[in-house]
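Undergrad: I'd like to ask some things about the structure below.
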Amino acid sequence: MKMCGMSVKNKGIKLPKLGVVKAKISQVINGKIKSVTVSKTSTDKYFAAILFEMDDSTTIEKLKISGIDLGLSSLVTVFDGETTYKIDPIKPTRKYAKRLKRRQQALSRKAKGSNNRQKAIKEVAKVHEKIANTRQDFLHKLSRKLCDENQIVVAENLNIKGLARTKLAKSIHDDGLGMLLNFLDYKLEREGGKLVKVDRFYPSTKLCSCCGFKNDSLTLSIREWICPECKSHHDRDENAAKNLREEGMRILSTNTDGQSEFQAWGETVRLLGTCTQKRVWGESRIPRHSVSLTAGVSNVGHSSHP
């Protein structure tokens, strides 16, 4: 239920017709409140999503471009032009699979229409909520880390729906690759950055990041390989992250009539090899924007309310 004409008090939120409702506010609201949306979860918890407008005068001190390769064994492989690191997935569905199994078994034993069955349904819903919250919390923290460290992030435009129809569907959904890209997109845009998406058919894993040789014989089971041309040793994911970064810089450079330099939010970047990147830092202002804040609300009303 979407509401207007509300305000935030010391320890709660003032809602129309309900008055002041106790709530846990996750951060200080320093801006004009546009609206608030109150929702109820399947576990009888109420949340108020507050949309407010604010002026953010944060200054971007330097421009940093990173290429990220998304996968299942390593959720994210990041290359920033100098160093490469990997972040493993947490797999919350597999982590809480045993607990979920027991709750569902207990639910199947309850008589349909009984009060005990309703209680068992809520117990199952709590486990599903725990899985979703664990995944979302991890992806929020990961996307915030990438956003704080970079102003431009280059990633592959994966066909998530297509991957979800394969035998890897459970792992694809569990990792939340699409959710991570969505988080990165809006967080970078909010702070004046940009998420550059490379075409999904770009052979980032098969190209040698040193000489450009294309290894068509590379299969998914091969995690490391040596380039036949320059004899360079490549880790599959790290090599893909380097190629994605290079392709993203090429995409940005074509937006300036094919010049060897491009302007990105006041920054000038010269396109050189991955081992000899040179960057000239400047300053850029983040524009006025709207922020959505979610607050936990307690005792909003009876179950007839949202």
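Undergrad: Taking only segment 12-36 into account, find how many residues are in contact (Cβ under 8 Å) with a residue 60 or more places away in the chain and either assigned to a loop (DSSP other than H, G, I, E, B) or polar (S, T, N, Q) (or both).
TA: Summing the residues that are in contact (Cβ under 8 Å) with a residue 60 or more places away in the chain and either assigned to a loop (DSSP other than H, G, I, E, B) or polar (S, T, N, Q) (or both) in segment 12-36 gives 6.
Undergrad: Next up: What number of residues within segment 74-107 are without any contact (Cβ under 8 Å) to a residue 40 or more places away in the chain and either open to solvent by less than 80 Å² (accessible area, probe 1.4 Å) or not in a loop (DSSP other than H, G, I, E, B) (or both)?
TA: 15
Undergrad: Condition first: open to solvent by 50 Å² or more (accessible area, probe 1.4 Å), under 18 Å from T83 (Cα atoms) and part of a loop (DSSP other than H, G, I, E, B). Now tell me which residues in segment 204-247 satisfy that.
TA: Residue satisfying the conditions is C210 alone.
Undergrad: Out of A155, A164, which single residue is farther than 30 Å from R102 by Cα and open to solvent by less than 50 Å² (accessible area, probe 1.4 Å)? I'd like the intermediate steps shown before the answer.
TA: On the way: A164 fails: farther than 30 Å from R102 by Cα.
The match here is A155.
Undergrad: Can you find a residue in segment 180-191 that is outside any helix (DSSP H, G or I) and within 17 Å of S66 (Cα to Cα)? Step through it out loud before you land on a result.
TA: Initially, segment 180-191 is screened for residues outside any helix (DSSP H, G or I), giving 191.
Those still in the list that are within 17 Å of S66 (Cα to Cα) too: 191.
Looking through segment 180-191, at least one residue is outside any helix (DSSP H, G or I) and within 17 Å of S66 (Cα to Cα).
Undergrad: Kindly indicate whether any position in segment 115-137 is within 14 Å of the chain's Cα centre (by Cα) and crowded, with 18+ Cβ neighbours inside 10 Å.
TA: yes
Undergrad: Next up: F47 - would you say it is open to solvent by less than 50 Å² (accessible area, probe 1.4 Å) and not in a loop (DSSP other than H, G, I, E, B)?
TA: So F47 fails the test.
Undergrad: If you take the residues in segment 34-87 that are modelled with pLDDT of 85 or more and among the aromatic types (F, W, Y), which one is farthest from E156 (Cα to Cα)?
TA: That would be Y46.
The values are calculated or read from the model by the stated rules, or taken from the named source; none is laboratory data. Because the structure is a prediction, the values reported are computed rather than measured. Cβ: placed from backbone, ideal geometry, glycine included. Neighbour counts: every protein chain shown. Just so you know, the surface numbers come from the protein's heavy atoms only, side chains and all, with ligands and any DNA or RNA stripped out. Shrake-Rupley method; radii C 1.70, N 1.55, O 1.52, S 1.80 Å.
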